[in-house]
1. Using only Cα atoms, locate the centre of segment 107-143 and the centre of segment 1-78, then give the distance between them in Å, rounded to an integer.
2. Highest first, please rank the peptides 39-46, 161-168 by the mean number of other Cβ atoms sitting within 10 Å of their residues.
3. Stretch residue 208-residue 156 to full length: gain in nm at 0.36 nm per residue minus the Cα-Cα span?
4. By per-residue mean of other Cβ atoms within 10 Å, what is the highest-first order of 27-37, 135-145?
5. Under a point spin-label approximation (7 Å from Cα along Cα-to-Cβ), what is the residue 121-residue 174 distance to one decimal in nm?
6. Calculate, in nm to one decimal, what residue 76 and residue 184 gain on full extension: separation in residues at 0.36 nm each, minus their alpha carbon distance.
7. What is the ratio of the Cα radius of gyration of segment 115-192 to 2.2 N^0.38 Å, with N the residue count, to two decimals?
């Protein structure tokens, strides 16, 4: 049995897609392939027209750093760093000096936009769960990635904070950010423009929301 079975999925630039399905349906495997963390055994994956499947590890790492932002359910913030330092962490891997300078300007702007203007110098243990998630989102977006991948981004948040976060995702999507989000919650998926449901490694249905 394959984790993914003949999945044919195309995501346009600026789309906001929710991926749903029961445990074992292939959601995480799909996210790992789209995020260049895993390779498909068969088939082809293209990101911005580039044939990802044939790239070596160094090329994949460069692609992730340049084009993909990740938001994880467990945040993965470094406890000894401030919120701003955590957001600017991806700059350590950036090669382009102009991109680094732009990201240094963009980091504080993102935190301010996410309601953390007065919390930039606080460490993660001084922040609420919702605030830590916003820091993780700012970190994922600081390098202006082409694709934002969010794995159960509301899993550790209360309902009000979850709705606030989805409103922000909606804003980013309307501004042209491509977002692909895994969720188990129908009310969270309702914020996306398109819902892809998976079962047993296959796409069960793929529908745009009205």
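1. Their Cα centres are 25 Å away from one another.
2. Ranked from most to least packed, the peptides come out as 161-168, 39-46.
3. Numbers: separation 52, 0.36 × 52 = 18.72 nm, distance 2.70 nm.
Stretched fully, the residue 208-residue 156 segment lengthens by 16.0 nm.
4. 135-145, 27-37
5. Rounded to a tenth, the inter-label distance reads 3.4 nm.
6. Values: separation 108, 0.36 × 108 = 38.88 nm, distance 2.08 nm.
Net length gain for the segment: 36.8 nm.
7. Taking N as the residue count of segment 115-192, the ratio is 1.08.
Quick note: the coordinates plus some simple rules give every number you see, no bench work behind them. Bear in mind that the values here come from a model prediction, so they are computed numbers and not experimental data. Virtual Cβ from ideal backbone geometry, glycine too; neighbours counted across all protein chains shown.
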